[in-house]
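This report concerns only the one structure given below.
What follows is calculated from the coordinates using simple rules that are stated; it is not laboratory data. Computed from a prediction, not measured in an experiment: that's the story for all the values here. Here Cβ is always computed from backbone atoms with ideal geometry, including for glycine, and neighbour counts include all displayed protein chains.
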Amino acid sequence: FAKRAADGKVHYFDAPQAKADAQVVRQRQRIQEGLAQDEFFLEYQPKVDMRRGVVVGAEALIRWRHPERGLLQPIHFVPLLEDEMLAEQVGQWVIGTALRQLYDWREAGLRMSVSVNVSPLHMMRHDFVDRLTEQLAQYPKLGAGALELEILETTAISQFATVARFVEACRALGVAVAIDDFGTGYSSLTYLRQLPVSSVKIDQSFIREMLDSEPDRAIVQGILLLLKALGRTAVAEGVETPAHGEALLAMGCTLAQGYGIAKPMAADHMQRWVAGFERAP
Ligand code: C2E
Ligand code: MG
Ligand code: MG
Ligand code: MG
């Protein structure tokens with residue numbers, strides 16, 4: 001069954017594909033309902049300075065308390081955000097919720113910042129910066145450096161011009177931008193030089209293998225030297241054991257996140273966790 005459409009192209013009707021499309025449409029509607037019904041929430045994973053023994057930030061990670069399917073991790077629904085409107089709706093909810101939380105933490109005396117993962121389609125919305133400006137205006141006390149946005153390295157490379165403008169605009173607002181999962185894309189060195197991102201998160205795959213694999217260790221060391229030369233802050237992701245932390249410190253990397261430091265936790269637990277971490281010898 002083929003028919004010629006107005007654009008002159010021939011379209012074949014594909015029943016399994018149509019069924020899959022319909023399912024995606026339904027799942028996206030379900031996400032919108034979930035937002036309206038307050039089914040989403042954020043967990044926060046501390047980012048610490050291993051040398052000074054202080055908590056410098058927390059990364060917001062989305063979860064979905066689904067009434068029928070139980071607790072869902074991002075892998076089960078973030079891929080469905082590849083729709084501009086939905087990416088924007090969820091993304092703004094995440095930014096708004098994280099800012100509100102940070103405001104509460106700051107009021108309670110915590111000095112840290114908060115990081116939010118931004119999906120490519122949300123970032124590319126033409127009014128992203130205007131909306132972000134409005135959201136920040138609700139918390140004038142937070143000041144510059146309070147919020148950091150994480151974008152994937154793969155996006156930074158494939159959408160270089162857009163991302164470069166985005167990073168500049170964020171910087172003007174006092175919002176830091178970090179490259180996430182660094183090392184998983186093509187990791188062109190020139191793109192990093194031209195993007196004024198404040199920090200770079202080394203992908204957990206390299207950190208995890210680092211102790212057993214000489215090549216992975218060399219990659220981590222190489223990335224750290226490069227970032228130092230470019231004046232960017234390095235953050236290690238996926239620090240699962242004290243041995244990983246020690247190896248990183250020996251290579252000059254002081255900032256880290258990982259299960260070995262803390263798993264993502266409910267916002268309510270953060271204050272107590274920070275107090276415990278910063279009191280430890
Ligand atoms: P990511 O931004 O690279 O976040 C790190 C992921 O690794 C998180 O998984 C975190 O729980 C996990 N992780 C942290 N430390 C360790 C460790 O030591 N070992 C291991 N094995 N894993 C560790 P999570 O929460 O499932 O998130 C997965 C991805 O989903 C994130 O990767 C991010 O790309 C995306 N994501 C999460 N929240 C959001 C959000 O609010 N918006 C968007 N657009 N994407 C999100
Ligand atoms: Mg991230
Ligand atoms: Mg990452
Ligand atoms: Mg990741």
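List of remarks:
- Among the residues of segment 102-128, the ones that are more than 16 Å from ligand 2 (Cβ to nearest atom), within 19 Å of Ala144 (Cα to Cα) and either of a type in the set (Phe, Trp, Tyr) or in contact with a helix residue (DSSP H, G or I) (Cβ under 7 Å, 6 or more places away or on another chain) (or both) come to 5 in all.
- Test: Ala144 is closer than 20 Å to Gln204 by Cα, more than 12 Å from the chain's Cα centre (by Cα) and touching a residue at least 24 places away in the same chain (Cβ under 8 Å): no
- Helices (runs of 4 or more DSSP H) wholly inside segment 214-281 that include at least 1 residues being basic (Lys, Arg) and away from ligand 1 (no atom under 12 Å from the Cβ): 214-230, 270-279
- Leu99 within 28 Å of Glu82 (Cβ to Cβ) and touching a strand residue (DSSP E or B) at 6+ places or on another chain (Cβ under 7 Å): yes
- From the options Ala256, Ala178, Ala266, Ala262, residue that is loosely packed, with under 13 Cβ neighbours inside 10 Å, under 16 Å from Pro46 (Cα atoms) and in contact (Cβ under 8 Å) with a residue 40 or more places away in the chain: Ala266
- Inter-residue pairs, beta-carbon under 9 Å, first more than 15 Å from Leu173 (Cβ to Cβ) and in segment 121-132, second aromatic (Phe, Trp, Tyr), 6+ apart: His122/Phe128; Met124/Phe166
- Within segment 236-253, the set of residues being farther than 25 Å from Ile62 by Cβ, within 24 Å of the chain's Cα centre (by Cα) and buried (at least 18 other Cβ atoms within 10 Å of the Cβ) comprises His244, Gly245, Leu248, Cys253.
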